Amino acid sequence: MRPKLDWNVLCKVVDNYGDAGVAWRLSRQLVHEHAQRVTLWIDDPAPLARMVPGIDPAAEESRAEGVLVRRGPADAPWVPGDVVVDAFGAGLPPTWIDTMAHALRPPAWIVLEYLSAEAWVDGAHLRASPEPRTGLARHYWCPGFTPASGGLLREHDLVARRDAFLRDPAARAATLASVGAEPPTHGGVVLLFCYPTPSLAELFDAWSEADAPWVVLVPQGVAADAIDRWSGGRVPHPGAPLVRGALTLVSIPFVTQRDFDALLWSCDIAIVRGEDSFVRAQWAGLPFAWHAYPQEGLAHLAKVEAFLDRSLGSAPREAADAMRAFTLALNRGDGPALAGAWAPFDRARGALAASARHWADRLASRTDLAAGLVQWVESRL
């Protein structure tokens, strides 16, 4: 029988929803699929509360889906469990480190890194690094896309749920209706979930002047400034879309993590950001552009290029070039290039969808991140 261990997962919110989304998804999966006891410590529960029903953003403590969510961590006395996961290396309070150092059996200390397709990931995964002051062992868990990496978060039934959804046209119609959208008879549906960027105005123009109608779903608050400038203040609201030419911009409410998958499965193309929605778009097996967390000097482009190199290996050359051009223009904030890359990206949609499904199937054949993490911890008991 699998040992039931006490896990402490720590999350500091930097990227609004991405950090909280990943930490929650891991915590939930540890409870539901591996029967572990999990406390998720998060410095700001508000972003999590928008994604997970049952989380009180003002409370010091909430419980949802078997996960205890606590505000913190505070630099105060604490009882260590069996495993500590420092999500994205935000760091542990000194009192926690001292408590762990004096424990009869210190907990396994894992630093969960950001996801990357870069080559360094395989060599860094599971690298040990002693904590400088106490010498306590820390191990780096590096999510990635190769068998030598820490893998990707994926629930055991995700692929089956996706495939069942895609076989059911009524499910798509119901999902879109639930956010106030209706698919056009031709053209398509796009999810726009990006970081603020000055490049969207030209893309809105391209969509509005397209030959086919496009319904673009925008979560509330996302791209608000860009839409405000482009529309002259006629920002759409839930139930009141903005229509200009071939483009219908639909403001949609934030949905739960589980409903977000169905939303992706209902779209023809997605623009996603950060880490959690980036991974979910891959499991959805649809053409998408990844807007990486912007870094100074466009340093994030290296991550984007590395991902494109890995994921487009089986795509036809012309389709791969179209996705690359659109994605890089988005990440450079180059509006004219983004608008110019839209039509080729759209024309390559069929080939890119086939390639995306092949990529998702390949990734799904490997051990998922949570299962790999549990197996590694158990091997050290």
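The table below gives the values:
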| quantity | calculated |
| --- | --- |
| Segments 50-60, 300-310 sorted - mean Cβ within 10 Å per residue, highest first | 300-310, 50-60 |
| Length added when fully stretched, S231-A353, from 0.36 nm per residue minus Cα-Cα | 40.8 nm |
| Protection proxy ranking, peptides 30-36, 286-292, average beta carbon neighbours within 10 Å, highest first | 286-292, 30-36 |
| The chain: calculated mean residue ellipticity at 222 nm from DSSP helix runs of at least 4, using -39500 (n - 2.57) | -12500 deg cm²/dmol |
| Longest to shortest principal axis, alpha-carbon extents of segment 146-253, angstrom | 47, 35, 26 |
| Descending principal axes extents, the chain, alpha-carbon based, whole Å | 69, 44, 43 |
| Kirkwood hydrodynamic radius of segment 102-176, from inverse mean 1/r over distinct Cα pairs, in Å | 15.5 |
| For segment 285-381: rounded, prolate or oblate by the Cα gyration tensor [a/c cutoff 1.5] | oblate |
| Cβ-defined net charge surrounding W207, 15 Å radius [Lys, Arg +1; Asp, Glu -1] | -3 |
| Accessible-area composition of segment 251-312, carbon plus sulfur, in percent [1.4 Å probe] | 51 |
| Relative packing of 165-178, 66-79, 326-339, which averages over residues the other C-beta atoms within 10 Å, highest first | 326-339, 66-79, 165-178 |
| Whole-percent pair-distance distribution, where bins are 5 Å wide, for the alpha carbons of segment 1-91 | 3, 15, 28, 27, 17, 8, 2, 0 |
| The chain: angle of helix 317-332 to the longest principal axis, Cα-based, in degrees nearest 10 | 70 |
| Cα gyration tensor shape of segment 37-184, rounded if a/c is under 1.5, else prolate or oblate by comparing a/b with b/c | oblate |
| Whole-number accessible area per residue in Å² for segment 250-311, which is evaluated in the context of all protein chains at 1.4 Å | 29 |
| Segment 263-335: C-alpha gyration tensor shape, a/c 1.5 cut-off, then a/b vs b/c | oblate |
| Sequence-distant residues sharing a close amide H with A64 (under 5 Å, placed H) | V69 |
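The values are calculated or read from the model by the stated rules, or taken from the named source; none is laboratory data. As the structure is a computational prediction, the values presented were derived from the model and not from experiment. Don't worry about glycine lacking a Cβ; one is built from the backbone with ideal geometry, like all the others, and counts go over all protein chains shown. These area figures cover heavy atoms from the full protein model, side chains too; ligands, DNA and RNA do not enter into them. Shrake-Rupley method; radii C 1.70, N 1.55, O 1.52, S 1.80 Å.
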